1. Need a quick list: strands (runs of 3 or more DSSP E) entirely within segment 38-120 having at least 2 residues that are under 23 Å from residue 309 (Cα atoms).
2. Between a residue in segment 249-271 that is on the phi > 0 side of the Ramachandran plot and any residue that is assigned to a helix (DSSP H, G or I), which pairs come within a Cβ distance under 9 Å, given they are 6 or more apart or on different chains?
3. When you scan segment 81-88, do you find a residue that is surrounded by fewer than 24 Cβ atoms within 10 Å (Cβ to Cβ) and in contact with a helix residue (DSSP H, G or I) (Cβ under 6 Å, 6 or more places away or on another chain), even just one?
4. Any residue at all in segment 245-266 that's buried (at least 22 other Cβ atoms within 10 Å of the Cβ), over 30 Å from residue 194 (Cβ atoms) and in the same structural domain as residue 86 (by TED's automatic domain parsing)?
5. In segment 173-192, what residues are farther than 18 Å from residue 32 by Cβ and assigned to a strand (DSSP E or B)?
6. How many residues are in a loop (DSSP other than H, G, I, E, B) and surrounded by 14 or more Cβ atoms within 10 Å (Cβ to Cβ) when one looks only at segment 121-134?
7. Applying the selection to segment 148-172, what residues are touching a residue at least 40 places away in the same chain (Cβ under 8 Å) and not in a helix (DSSP H, G or I)?
8. Looking at segment 213-248, which of its residues are in a helix (DSSP H, G or I), within 28 Å of residue 144 (Cβ to Cβ) and either out of contact with any strand residue (DSSP E or B) (no Cβ under 9 Å at 6 or more places or on another chain) or at pLDDT below 95 (or both)?
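The values are calculated or read from the model by the stated rules, or taken from the named source; none is laboratory data. Quick caveat: nothing in here was measured; it's all calculated off a predicted structure. Quick reminder, even Gly has a Cβ in these numbers, built from the backbone with ideal geometry, and neighbours come from all protein chains shown.
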């Protein structure tokens, strides 16, 4: 009996030797462009050590468009995606259950820019037969751009959407004339505006501008995960949310200059002053406690149902596209 107990104890001894005490739990998240100001909470939680405080080892992979995040999430390559909430609504129409576990923003933080080479383009209606840049086909920037063009009276076949990514690739596409206009975020937008290469056509960078253009709040950046994974890993999700709520509170309680000091220098793209100015303007979109805005989901559904055929005539259960369980349990 004694030898049997000693034999059974060996694997436990080996595990103790192999795994250090207090080893962090490893979670991989894909971010639709980690340098974007709209995804600042996850970058801050990483840079300020908030994930580690929760006993997590969070690996962040950055991609130029959030639409790719849905693909890698569904195949299980990553456990979560930092992207736009509207994907949870859209994917439910495709039979996929995805849930936002914390909401970062109440507005897209995006802006529709037009090249200054086209002075006659004053409204979205003037973009008829013009190429419009989006981060990727099927992306939130395409959802929003399609809604804006259709609201201006254009038919879907009267515009062409070109996937051009963000940052330098977006700027290059506008400089070359590959696109006449396009939707992008900060700090890319400010870089183009400062250079004089573009001007604002429709602004979605503040809650007030968003309400005017989209008819109400449009909850955008968030952390979404497969609903089944969330149900099976609630302790891990709670730790993630704890760290991200702490980052949101940091944003609320510090100046843009103080916040900028904690992000990698590469995020400034060589111009810290422009980054800080853009962040100062953008702070208002962030939700201090990570809670979903009351009328946000319904407004997102209304916008998507106007433009996306897969949602038209479908019954969408908005209550399953997000949860307040984890933000409610944070301290």
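1. Numbers: elements: 56-62, 80-84, 98-103, 110-115.
Filter on segment 38-120 gives 80-84, 98-103.
2. 269/167; 269/168; 269/188; 269/191; 269/275
3. No, the conditions are met nowhere in segment 81-88.
4. Yes, there is a match, as at least one residue in segment 245-266 is buried (at least 22 other Cβ atoms within 10 Å of the Cβ), over 30 Å from residue 194 (Cβ atoms) and in the same structural domain as residue 86 (by TED's automatic domain parsing).
5. 181
6. Taking segment 121-134 as the starting set, the residues that turn out to be in a loop (DSSP other than H, G, I, E, B) are 121-123, 128-130.
Subset that is surrounded by 14 or more Cβ atoms within 10 Å (Cβ to Cβ): 121, 128, 130.
The qualifying residues number 3.
7. Across segment 148-172, the qualifying residues are 163, 165, 166.
8. 247
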